[in-house]
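Structure record follows, encoded as structure tokens.
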Amino acid sequence: MNSAEETPAQNPPTETITLTPPTVAQGADLWRLAQGTGVLDTNTPYAYLLWARDFAETSVIAQVDGEPAGFISGYLTPRDPRTLFIWQVAVDSRFRGRGLAKKMLFELVQRTGAERLETTITADNEASIALFTALAREHGTQLRREPLFTTDLFPAREETGEDHAAEDLYTVEPLTHGGSGAV
């Protein structure tokens, strides 16, 4: 899982933040947001169109005053439909510092009713670790980490032109849905 979010700041007093499932018409916006982070593994635009079509109910797009500002893509895992897997978290640089990633994540967990959350995070991604730690704290549980995808599982640098860091599996459970839901 990759994330692009920074420390919270104050929202401008007149901005309106809207959180909704993405539509197919917003698929290109998801791609642009991922591309614009400069840190996410950006997939083909076609993947984001499919994601908006097939996984909209387990994903969220944030708009600030009607402008796409961020998204989270997720899905309920086939092996356990009570588990929400978070794939990507993106916040446009112009909208960082407003706590959008946290707002989107908390809304998505509440909306899906998931009992468990999983995501993968590289060891150097402090923003994502902080985001999911906040979720665990809100639900009165711990964030667990274990190795999942080691570097040798990814294609070699000679094939892709880059190295891919290991991705550890982070788990938050149980998700209580009885918490305050505060962000």
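Which one of these is at pLDDT 95 or above, loosely packed, with under 14 Cβ neighbours inside 10 Å and not in a helix (DSSP H, G or I): 7, 14, 18, 83? Quick ask: steps written out before the conclusion?
On the way: 7 fails: at pLDDT 95 or above; 14 fails: at pLDDT 95 or above; 83 fails: loosely packed, with under 14 Cβ neighbours inside 10 Å.
Answer to the check: 18.
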- Within the stretch 157-180, which residues are surrounded by fewer than 16 Cβ atoms within 10 Å (Cβ to Cβ) and polar (S, T, N, Q)? 160, 176, 180
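Return the total of residues in the stretch 41-50 being closer than 16 Å to residue 162 by Cβ and surrounded by fewer than 18 Cβ atoms within 10 Å (Cβ to Cβ).
From the stretch 41-50, those closer than 16 Å to residue 162 by Cβ are 41-43; that's our starting set.
So of that shortlist, the ones also surrounded by fewer than 18 Cβ atoms within 10 Å (Cβ to Cβ) come out as 41, 43.
Qualifying residue count, the stretch 41-50: 2.
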- Task: Report yes if some residue within the stretch 90-108 is over 20 Å from residue 33 (Cα atoms), of a type in the set (Ser, Thr, Tyr), exposed (fewer than 14 other Cβ atoms within 10 Å of the Cβ) and in contact with a strand residue (DSSP E or B) (Cβ under 9 Å, 6 or more places away or on another chain); otherwise report no.
- Result: no
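Please pick out the residue among 112, 77, 122 that is over 22 Å from residue 28 (Cα atoms) and out of contact with any helix residue (DSSP H, G or I) (no Cβ under 9 Å at 6 or more places or on another chain).
Values: 112 fails: out of contact with any helix residue (DSSP H, G or I) (no Cβ under 9 Å at 6 or more places or on another chain); 122 fails: out of contact with any helix residue (DSSP H, G or I) (no Cβ under 9 Å at 6 or more places or on another chain).
Among 112, 77, 122, only 77 is over 22 Å from residue 28 (Cα atoms) and out of contact with any helix residue (DSSP H, G or I) (no Cβ under 9 Å at 6 or more places or on another chain).
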- All but one of (1) surrounded by fewer than 17 Cβ atoms within 10 Å (Cβ to Cβ); (2) under 15 Å from residue 111 (Cβ atoms); (3) not aromatic (Phe, Trp, Tyr) hold for residue 62, so report the exception by its number. (1)
- Say whether the condition of being among the hydroxyl-bearing types (Ser, Thr, Tyr) and in contact (Cβ under 8 Å) with a residue 24 or more places away in the chain is met by at least one residue in the stretch 38-46. no
- Item | Checklist (1) in contact with a strand residue (DSSP E or B) (Cβ under 9 Å, 6 or more places away or on another chain); (2) more than 23 Å from residue 167 (Cα to Cα) applied to residue 85, failing item | (2)
- Which condition number does residue 154 fail, the rest of (1) surrounded by 14 or more Cβ atoms within 10 Å (Cβ to Cβ); (2) under 19 Å from the mean Cα position of the chain (by Cα) being met? (2)
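Within the stretch 69-80, work out how many residues are aromatic (Phe, Trp, Tyr) and either under 8 Å from the mean Cα position of the chain (by Cα) or surrounded by 19 or more Cβ atoms within 10 Å (Cβ to Cβ) (or both). Before you say what the answer is, go through the steps one by one.
Of the stretch 69-80, the ones aromatic (Phe, Trp, Tyr) are 71, 75.
Filter once more, keeping what is either under 8 Å from the mean Cα position of the chain (by Cα) or surrounded by 19 or more Cβ atoms within 10 Å (Cβ to Cβ) (or both): 71.
Number satisfying all stated conditions: 1.
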- Message: Given the criterion more than 17 Å from residue 175 (Cα to Cα), touching a strand residue (DSSP E or B) at 6+ places or on another chain (Cβ under 7 Å) and surrounded by 11 or more Cβ atoms within 10 Å (Cβ to Cβ), identify the matching residue among 120, 112.
- Response: 120
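The values are calculated or read from the model by the stated rules, or taken from the named source; none is laboratory data. What you see is a predicted model, and the numbers here were worked out from it, not measured in a lab. Note that each Cβ is placed from the backbone with ideal geometry, even for glycine, and that neighbours are counted across all protein chains shown.
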